[in-house]
Each structure stands twice: as structure tokens, then as C-alpha cells.
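Undergrad: Below is a structure I'd like to ask you about.
The values are calculated or read from the model by the stated rules, or taken from the named source; none is laboratory data. Every value quoted in this text rests on a predicted model; they were computed, and no experiment measured them. For neighbour counting, all protein chains shown are included, and Cβ atoms are generated from backbone atoms with ideal geometry for every residue, glycine included.
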Amino acid sequence: MASAPIDLTHALDVDTPVFAGDPPLARQTVLTHGRDGCHLERITLGTHTGTHMDAPFHFFADGDRLDGLPISRLVGPGVRLDLCGRREESVIWAAELRRAGPEVNPGDFVLLMTGWDRFWGTPRYFRHPYLAPDCGRWLVDCGAGLVGMDTPSPDRSAGGRGGYPVHRLLLGAGVLIVENLRGLARIPAARGNYAFLPLKLKGADGAPLRAVFLGS
């Protein structure tokens with residue numbers, strides 16, 4: 001029997017954690033039921049707030065932007081790699097990715113499950129495990145179409161050292177990045193089908209999205 005869809009998205013609100021220097025999410029009520037007969041809010045947020053997608057333009061001036069991505073890049077088959085049990089700010093190497101799940105096929109969405117989403121909303125969330133550059137090269141060589149994770153970044157966040165090598169390797173090869181996923185442990189099988197649907201902001205470098213496991 002086919003499995004039911006699973007939402008992999010953090011809800012957005014004013015307490016959504018963001019990187020230092022990024023704009024926090026703000027909400028303002030503009031219309032109310034009692035005064036205007038309907039409810040409407042003004043929302044301001046950065047393009048990399050909450051569960052979101054990075055387009056190549058995020059790091060490369062000539063890279064693809066979100067609104068130019070065909071829908072076929074956003075819906076498709078994926079594989080989950082189990083990387084749980086890591087320490088704070090520990091490095092994950094390509095050899096560990098190779099052992100963490102089934103073979104990655106060309107075009108696969110690769111979901112990296114560390115379990116770090118349990119620290120969402122705490123300072124520890126930004127002291128997450130991160131990928132060594134050889135992971136970026138391995139994922140590109142495998143032909144991954146998208147790499148998603150339940151951490152804020154594939155690169156080291158605390159301290160900002162290193163120049164974002166994995167971002168540059170993946171986005172430079174046209175591999176999309178999805179950050180701040182949640183609930184990957186609820187997915188019942190290592191292989192399945194996914195949808196990662198960002199807001200279609202014209203010319204955007206990134207945007208919040210709804211991430212869904214569609215079933216196996």
C-alpha cells in the first residue's frame with residue numbers, strides 16, 4: 001500500500017531562527033474580521049528564512065534563479081541517507097555518505113538526515129554537523145539534482161569560516177540546495193518521491209518552500 005504524504009516543512013513565525021545578519025520574520029495585521037470583514041497580514045522576511053531553497057544565483061551572478069527552474073527540477077525521486085548520531089560541529093566525509101543509504105542515481109534528490117531538527121529554535125541548532133568539501137564533489141559526481149538537509153547549511157555555520165565550499169560546489173554544478181527540513185525520520189523508506197516547491201519570486205536567489213514526501 002502506498003504511504004501517505006509527509007510534510008517536511010517548519011512553520012514560519014516571528015520566532016523562526018535566522019542566521020546572524022539576516023532579517024527576522026515580521027508580521028503585521030493590516031485588515032481584521034471585526035473592522036474590515038476579512039483578515040490580511042503584511043509579512044517581511046529574508047529569502048532564506050525557514051525551510052527554503054537556494055538557487056545557483058545565491059552564490060553565482062550568472063547562476064539559475066528560482067523562477068527559471070522547470071517544475072521537473074522540483075518534483076521527483078529521492079533517497080534518504082541516515083547520518084544520525086553526530087556530535088556538534090562534526091565533519092561528515094564522502095565515505096560516510098556512501099555508507100549511509102542506497103546508491104544515489106543521476107537526478108536523485110538526496111536527503112541528508114542528521115536528526116538535528118530536534119534542536120530547532122535553540123542556539124544549538126546552529127552548531128550542527130556539516131559536510132566536508134569531498135561530499136560536495138561526490139554528490140556532484142553522482143548526478144544529484146537536489147541536496148536537502150535537516151540543518152541550516154551543508155557548510156559550517158558557527159564562526160562562518162571556510163568560505164562555503166559545499167554551497168559553491170553544489171550550486172556551481174547546478175545542484176539545488178534545500179535547508180532546514182524537518183521530520184525526515186518519519187519517512188518510511190529510504191527511497192521515495194518528493195516535492196520541493198518554493199515561492200515563484202521573479203529573479204530570486206532563494207525562497208521559502210513547502211517540502212513534502214509524496215510516498216514510496
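Undergrad: Got at least one residue in segment 155-172 being within 26 Å of residue 3 (Cβ to Cβ), in contact (Cβ under 8 Å) with a residue 24 or more places away in the chain and under 17 Å from the mean Cα position of the chain (by Cα)?
TA: No, the conditions are met nowhere in segment 155-172.
Undergrad: Output the residue which, of all residues in segment 87-105 that are β-branched (Val, Ile, Thr) and outside any loop (DSSP other than H, G, I, E, B), is surrounded by the most Cβ atoms within 10 Å (Cβ to Cβ).
TA: Filtering segment 87-105 for residues that are β-branched (Val, Ile, Thr) and outside any loop (DSSP other than H, G, I, E, B), the one surrounded by the most Cβ atoms within 10 Å (Cβ to Cβ) comes out as 92.
Undergrad: Quick test of your reading of the structure: residue 136 fulfils all but one of (1) of a type in the set (Gly, Ala, Ser); (2) out of contact with any Pro (no Cβ under 6 Å at 6 or more places or on another chain); (3) not in a helix (DSSP H, G or I). Name the failing condition by number.
TA: With (1) of a type in the set (Gly, Ala, Ser); (2) out of contact with any Pro (no Cβ under 6 Å at 6 or more places or on another chain); (3) not in a helix (DSSP H, G or I) applied to residue 136, the lone miss is (3).
Undergrad: Restricting segment 1-30 to residues that are free of Cβ contacts under 8 Å to residues at least 40 places away in the same chain and not in a loop (DSSP other than H, G, I, E, B), which is surrounded by the most Cβ atoms within 10 Å (Cβ to Cβ)? Write out each step before concluding.
TA: Quick first cut of segment 1-30, residues free of Cβ contacts under 8 Å to residues at least 40 places away in the same chain only: 1, 11, 13-14, 16, 18, 20-30.
Now narrow it down to the ones that are not in a loop (DSSP other than H, G, I, E, B): 26-30.
Details: 26: 10, 27: 13, 28: 9, 29: 10, 30: 10.
Looking at residues that are free of Cβ contacts under 8 Å to residues at least 40 places away in the same chain and not in a loop (DSSP other than H, G, I, E, B), I get 27.
Undergrad: Looking at residue 81, is it over 23 Å from residue 207 (Cα atoms), at pLDDT 95 or above and not in a loop (DSSP other than H, G, I, E, B)?
TA: Working: over 23 Å from residue 207 (Cα atoms): yes; at pLDDT 95 or above: yes; not in a loop (DSSP other than H, G, I, E, B): yes.
Spelling it out, residue 81 is indeed over 23 Å from residue 207 (Cα atoms), at pLDDT 95 or above and not in a loop (DSSP other than H, G, I, E, B).
Undergrad: Could you grab me the full set of residues in segment 196-213 that are over 10 Å from residue 9 (Cα atoms), exposed (fewer than 15 other Cβ atoms within 10 Å of the Cβ) and among the charged types (D, E, K, R)?
TA: Within segment 196-213, 200, 202 meet the criteria.
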